[in-house]
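Report on the following structure.
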Amino acid sequence: MLRVFNTLSRNKEEFVPRIEDEVGMYVCGPTTYNFIHLGNARPMVVFDTVRRYLEYSGYKVTLVQNFTDVDDKIINRANEEGMDPGKLAEKYIQEYFKDAQRLNVRDADVQPKVTEHMAEIIEMVDGLIKKGHAYESGGSVYFDVQSFKDYGKLSGRSLEDMKAGARVEVDANKKHPLDFALWKASKEGEPAWESPWGPGRPGWHIECSAMSLKYLGNGFDIHGGGYDLVFPHHENEIAQAEAFSSETFVRYWVHNGFITVNEEKMSKSLGNFFLVRDILDKFPGDVVRFYLLSTHYRSPLDFDDAKLTAAAKGLERIKSTVAALDEAVEAAGDQAQGGQPVPSGETAQLQEATSKVYEDFKRAMDDDFNTALAGAALFDYCKAVNSYLNACMGGCVPDINILSGAREVFTTLAGDVLGILFEAGESAEGGEDSQLIEELVQLLLEIREEARGKKDWATADVIRDRLGEIGIEIKDTPKGPKWNIYPEK
């Protein structure tokens, strides 16, 4: 039974979707004025993995993830760069896709942009005014927080507490300091759309409510995002959506924890945030993804290069086992029948371990998507697989069905669900640099093999060692040399 921690109830709850065997998910996407940073990447990877596990569990999942492509930050950045705000936003949407691909994050089923949903946003704002939950003032429209009796239920704070603790600029247009903009009157030189209240653009919060309701309807299953969005963004989403529809907006609110640096929250204001693009220049995408999943999604995750290097070593344990399995499968297929089988005790132990890893993995993921324990189950399984493979080294012929079953564990659990088994080069930016690296390494390996064929061991060793110095490890196998890129130490 899958249990999910619901921020709204502050408890783990049995997951019961709105429609049997179907799940509707909405995850807040980036504001597209810069390359994504590591704090953006964590929810991307977390909710991609949630989606993958739900699909593995038999659900049909519809994932919606938006792009905020009109916003103060976009306008300000566009002015700094002398660009049209729309073109700037589109530029960084495309850059988002490049980074997402390198992290093996699959595209959402629907990826709506705010600028393409003005009709739905205006309709919702108009409906809130007619129901007495919003008011027009000075060409802008504000949500009246005092009109919604449950305001504060997600963050667990009363309106009085929020007012006392808030740093809200005095605005004569507002009835209450915490009233928030649904529609902003246009300023000179800013993008604007026509509305019943004059030209303007949406406030930040209304966009997600309007787009999620359009594509998923009322009472959809999971709304995800970083914990920093609980208040005010998601609190305001609930207020405006439920005031508009008079129905439950979302069944389960799921939030990932902060990224910290030296145990301080990563933020632009502290100057300690890191662009994913820069991190991916030092560490392969599969390592970064594995690092992001190495801690339970609700826990803080502290960042430094040493932790990523440790993640690289951990992932290599899994990848080395997979490589050894692949070689054993090939070898078993080539061997003649009639050889001495692997001792029955070793075979039975691996069969038992194969059943157990599926059970342990499922138990971990059913407990609020605990990817850290799921990864530990895979590490335990690596030990069982390596023990079986070691038993084969004495000339025994392994059972190819046993080997194939073991390989399927990694294909399914590590690859399909956690998304950590992929070649970094497959998802490299643009593909061209990766292809060039692959061709150059392959050329050097051909020269090295030619040197080895001539017993020119000195040249062969120099090629291997120099490649190792720049982070490319060479392994000689019965099927020829294999190579992999590792992060800088």
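Quick notes on this structure:
- DSSP-loop trypsin sites (Lys or Arg not before Pro) across segment 44-124, with at most 16 other Cβ within 10 angstrom: Arg106
- Probe 1.4 Å, accessible area per residue of the chain, Å²: 47
- Near Asn256, the amide H atoms lying under 5 Å from its own belong to Gly225, Gly226, Tyr227; only residues 5 or more places off or on other chains count, and H is placed 1.01 Å from N.
- In order along segment 221-237, the Karplus-derived 3J(HN,Hα) couplings, from 6.51 cos²θ - 1.76 cosθ + 1.60 at θ = phi - 60°, round to 7, 10, 10, x, x, x, 4, 5, 8, 3, 9, x, 4, 6, 4, 6, 4 Hz, and Gly and Pro are given as x.
- The separation of segment 52-67 from segment 111-163, counted between C-alpha centres, amounts to 28 Å.
- Amide H contacts under 5 Å for Ala192, placed H, 5+ residues apart: none
- Carbon plus sulfur fraction of accessible area for the chain, probe 1.4 Å, in percent: 49
- Estimated FRET transfer efficiency (Asp109, Asp281; beta-carbon r; R0 22 Å; 0.05): 0.10
- Phi angles across segment 15-31 convert, under the Karplus curve 6.51 cos²θ - 1.76 cosθ + 1.60 with θ = phi - 60°, into 3J(HN,Hα) values of 7, 10, x, 4, 10, 4, 6, 10, 10, x, 10, 10, 10, 5, x, x, 8 Hz, Gly and Pro given as x.
- C-alpha long axis of helix 72-81 to longest principal axis of the chain, angle in °: 70
- Low-density loop cleavage sites - trypsin sites (Lys or Arg not before Pro) in segment 202-275, where at most 14 other Cβ are within 10 Å (DSSP): Lys268
- Full-extension gain in nm, Glu81 to Asp171, via 0.36 nm per residue minus C-alpha separation: 29.4 nm
- Full extension of the chain segment joining Glu359 with Asp161 gains 66.7 nm, where the gain is 0.36 nm per residue of separation less the Cα-Cα distance.
- Net +/- balance of residues flanking Asn262 in space, Cβ distance below 13 Å, scoring K and R +1, D and E -1: -3
- Loop-located chymotrypsin sites (Phe, Trp or Tyr not before Pro) in segment 61-152 (DSSP state not H, G, I, E or B) with no more than 16 neighbouring Cβ atoms inside 10 Å do not occur.
- Correct option for Cα extents along the principal axes in Å [calculated from the coordinates] among (1) 84, 50, 37; (2) 64, 56, 48; (3) 71, 51, 44: (1)
- Per-residue HN-Hα couplings for segment 66-71 [Karplus 6.51, -1.76, 1.60; θ = phi - 60°; Hz; x = Gly/Pro]: 8, 10, 7, 10, 8, 5
- For the pair segment 351-395 / segment 456-473, the C-alpha centres are spaced 34 Å from each other.
- Acute angle (nearest 10 degrees) that the helix 118-130 long axis makes with the longest principal axis of the chain, alpha-carbon atoms: 40
- Here Leu443 and Ala323 are evaluated by their C-beta separation; at R0 = 25 Å the FRET efficiency comes out at 0.65.
- Distance between modelled label sites at Glu469 and Ala376, nm, 7 Å Cα→Cβ extension: 4.2
- Summarising the amide proton neighbourhood of Tyr26: residues at separation of 5 or more, or on other chains, whose placed amide H is nearer than 5 Å comprise Val64, Ile222, His223, Gly224.
- The chain: relative contact order as a whole-number percent, Cα under 8 Å and 6+ apart: 17
- The separation of segment 70-105 from segment 212-286, counted between C-alpha centres, amounts to 18 Å.
- Net charge of the neighbourhood of Gly138, taken over other residues with C-beta under 11 Å away and scored Lys/Arg +1, Asp/Glu -1, is 0.
- Sites Leu436 and Lys131 - FRET efficiency at Förster radius 41 Å, r taken between beta-carbons, to 0.05: 0.10
- With a cut-off of 12 Å between beta carbons, the residues surrounding Arg201 carry a summed charge of -4, where Lys and Arg count +1 and Asp and Glu -1.
- Additional length obtainable on full extension of the chain from Arg3 to Glu194, 0.36 nm per residue less Cα span: 64.2 nm
The values are calculated or read from the model by the stated rules, or taken from the named source; none is laboratory data. Remember, predicted model here, so these are calculated numbers, not experimental data. Note that each Cβ is placed from the backbone with ideal geometry, even for glycine, and that neighbours are counted across all protein chains shown. We work out accessible area using only protein heavy atoms, side chains counted, and drop any ligands, DNA or RNA first. Shrake-Rupley method; radii C 1.70, N 1.55, O 1.52, S 1.80 Å.
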